[in-house]
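See structure below.
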Amino acid sequence: MNHTKRGIFTTTMVILTLLFFYLPMAVLLLYSFNSSKSMVITGFSLKWYNELFTNSPFLWKAVSNSLIIAVSSAFSAVLIGTLGAIGLRWYSFKLKNLFQIISMLPLLLPEIILGVALLIFFSAFSFPQNLFTVYLSHITFNIPFVLLIVMARLEEFDSTLLEAARDLGAREIDVLMKILIPLTMPAIIAALLMSFTLSLEDFVITFFISGPGSTTLPIYIYSMIRFGVSPVINALSVLIVLATIVLSLFLSKFSKYIINH
């Protein structure tokens, strides 16, 4: 295969991949402006956006619960996972290899197994099923992803920078806060976004753990399926996609600012 044919093949595959990812979003955007509930485009309308903001209190409650859980569990998982990754990478202690294996175990377990295990655990200790148990559960399955992402960055880290800082008299906390954390920030932000996304979209584990008053958006949408999903969900989905894009751009700029300063 010559360079021209290879280039055409590569370009075609990239275009097909992008269409696979983004065509459903384009369809979602189109139907969020459809004036009817049917799959037939009958005209342009903002009625579903209007209904979203004026007549969807239970939907917004579910969105609020999802955002509270996603933000809090993502930050908690990143804090614990980042410190854990640094500890596993730079320090030696007994049973270190066992800790590494156990920390990655939730990545290998099916979600339904993890959900049942967490349900049994909380039931055994009489934990009420509410937002707090959902929060703890989301931290549990987010930490392994944070460890994986941050440890991958630490594997490429130039350890001589830390040794030079210590030789110049820097305290361990200064090495951590002024060198290690800033240079690892892109991976930390990537882990934060990953954790936020996984928490926001999680259904299986949340289905087992959530109780009255802790309905998240995926659970709410699932409950609507019995009666037919309203196009209001299309409008909300479009807004979530736009908010995610804005957040990603902001965090990307923020990580570059941290590295440069």
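Here are some notes:
- The loop-placed chymotrypsin sites (Phe, Trp or Tyr not before Pro) in region 84-126, going by DSSP, that have at most 16 neighbouring Cβ atoms within 10 Å of their Cβ come out as Y91, F93, F125.
- With contacts taken as Cα pairs under 8 Å and at least 6 residues apart, the chain reaches a relative contact order of 31 percent.
- Approximate spin-label separation E155-K94, in nm, with each point projected 7 Å along Cα-to-Cβ: 2.9 nm
- Count of lysine pairs in the chain with Cα separation under 22 Å (8 or more residues apart, or interchain): 4
- For region 73-115 versus region 165-230, the spacing of their alpha-carbon centroids is 14 Å.
- Cα gyration tensor shape of region 42-98, rounded if a/c is under 1.5, else prolate or oblate by comparing a/b with b/c: prolate
- Region 1-154 shape via C-alpha gyration tensor axes, a/c threshold 1.5: oblate
- In order along region 37-54, the Karplus-derived 3J(HN,Hα) couplings, from 6.51 cos²θ - 1.76 cosθ + 1.60 at θ = phi - 60°, round to 7, 6, 7, 8, 6, 10, x, 7, 7, 9, 4, 6, 5, 5, 5, 4, 8, 10 Hz, and Gly and Pro are given as x.
- Additional length obtainable on full extension of the chain from A124 to L109, 0.36 nm per residue less Cα span: 3.3 nm
- Helix 96-108 axis versus longest C-alpha principal axis of the chain: approximately 10°, rounded to the nearest ten.
- Adding -39500 (n - 2.57) for every DSSP H run of four residues or longer, then dividing by how many residues the chain holds, sets the calculated 222 nm ellipticity at -26000 deg cm²/dmol.
- In the list (i) 17.7; (ii) 21.5; (iii) 19.1, the label attached to Kirkwood radius over Cα pairs in Å as derived from the coordinates here is (ii).
- Under a Gaussian network description of the chain, with springs only between Cα atoms under 10 Å, the residue in S126, S223, S248 that fluctuates furthest is S126.
- Surface listing: D202, D174 arranged by accessible area from highest to lowest gives D174, D202, probe 1.4 Å.
The values are calculated or read from the model by the stated rules, or taken from the named source; none is laboratory data. Computed from a predicted structure; not experimentally measured. Glycine also receives a Cβ, built like all others from the backbone with ideal geometry; neighbour counts cover every protein chain displayed. Accessible surface areas use protein heavy atoms only, side chains included; no ligands, DNA or RNA. Shrake-Rupley method; radii C 1.70, N 1.55, O 1.52, S 1.80 Å.
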